[in-house]
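First up is the structure itself, then whatever we jot down about it.
The values are calculated or read from the model by the stated rules, or taken from the named source; none is laboratory data. Just so we're clear, the structure is a prediction, and the values are computed from it rather than from any experiment. Positions of Cβ are backbone-derived with ideal geometry, glycine not excepted, and every protein chain shown enters the neighbour counts. Areas reflect the complete protein model, heavy atoms only, side chains present, ligands, DNA and RNA absent. Shrake-Rupley method; radii C 1.70, N 1.55, O 1.52, S 1.80 Å.
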Amino acid sequence: MVEKSFNAGAVKIAALDNQGAGQVVIGLHGYLDNAASMQALAPHLTSYRYIAIDLAGHGHSSHRPIGAYYNQTDYLQDLHALIEDQGFKDVILIGHSLGGILVTMYAALFPENVKAVVSIDACGPLTQSEETSQQQMRDALLSRFNKTQNKMLSAPAKVKPAVKLEDAVTARCKISDMQPEHARQILARNMTKTDDGTTSWCSDPMLRTKSVLRLTEAQAKNLMESILCPILFIGASDSFKNLPQVFEKRKGWFKSAQYEQFVGGHHIHMEKVDDVGSRIVQFVEQM
């Protein structure tokens, strides 16, 4: 795959593109990951135009302006701008975790643009009850304020703290079920070389702020019931997401949904890439 960038409204979206000539397939990664996560599936999608993107603020994509934050609606706006600006029709969307949430939401909002959806270790939006609204909003505003204060009190904007890739890999693996080689592939793309030869983060620290307000279960249901295309949900036996239970509860929301589970952790598409990749190809070839 080759490095490419697309203008998507106000942001520049970096991507890995196989430059194929077939049906357009767009891959969206999870929170704090990047296109390197979805690149793993590329060998199985050679018959398609496969584009794995970096969401805004992640990987090589541009950051949102100072004072702006990272809301799910804005990611959907970016995706819509990309699809419309490029003139893509009947796209197939593959998403992992946050990316899986986004692809189902986009298919609900713009069903005329989407031919099929694959959602890996996610089954629609995360929700909270309306009774938690005040606490959610308070926590979100405090997280934004604290992050801004920390940024203002840190070193000058042009001076970024150095970070070692292997230290970052160790830290990521301690708090997740990721295998070191997969963490290394992803984290390397979230880093850049500075002028003095050291390595620093290129992802936006403002990503680490809380959502202002999650949808309620009723709102999520209303959205998911608007999806017209077939959906393949892929779960992982050892993931913290507990997708079998979520799918069982929500399967009635979808007009045409399948569920497949593989043995492994949250990044199942990297752990069992051949099994997952083959199942995805089998699914999209039915379209």
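Here are some notes:
- Area accessible to solvent at SER133, 1.4 Å probe radius, in Å²: 40 Å²
- Multiplying the residue separation of ASP139 and ASN71 by 0.36 nm and subtracting their alpha-carbon distance yields 23.0 nm.
- Accessible area (Å², per residue) of the chain, counting only protein heavy atoms and a probe of 1.4 Å: 48 Å²
- Intensity falloff of the chain expressed as log10 I(q)/I(0), Debye formula with alpha-carbon point scatterers, at q = 0.10, 0.15 Å⁻¹: -0.52, -1.23
- For region 95-220, the C-alpha radius of gyration sits at 1.32 times the compact-globule guess of 2.2 N^0.38 Å, with N the residue count.
- Of the listed residues THR198, THR104, the order by accessible area with a 1.4 Å probe, largest first, is THR198, THR104.
- When the solvent-accessible area of the chain is split by element, carbon and sulfur atoms take up 52 percent of it, the probe being 1.4 Å.
- Kirkwood Rh in Å, taken over all unlike Cα pairs in region 230-287: 11.9 Å
- Under 17 Å from LYS251, Cα to Cα: aspartates and glutamates that are on another chain or at least 8 residues apart: ASP121, GLU217, GLU225, GLU260
- Here is how the number arises for the chain: DSSP H runs of 4 or more residues each give -39500 (n - 2.57), the sum is divided by the residue count, and the result at 222 nm is -11000 deg cm²/dmol.
- The packing ranking of peptides 260-269, 18-27, highest mean first, is 260-269, 18-27, where packing means the average number of other beta carbon atoms within 10 angstrom of each residue.
- Across region 235-287, C-alpha contacts under 8 Å between residues 6 or more apart give a mean separation that, scaled by the residue count, equals a relative contact order of 38 percent.
- Inter-centroid distance (Cα atoms) of region 105-140 relative to region 224-287, Å: 16 Å
- Selected from MET137, MET178, MET206 as most flexible by GNM, with the chain as the system and alpha-carbon contacts under 10 Å: MET137
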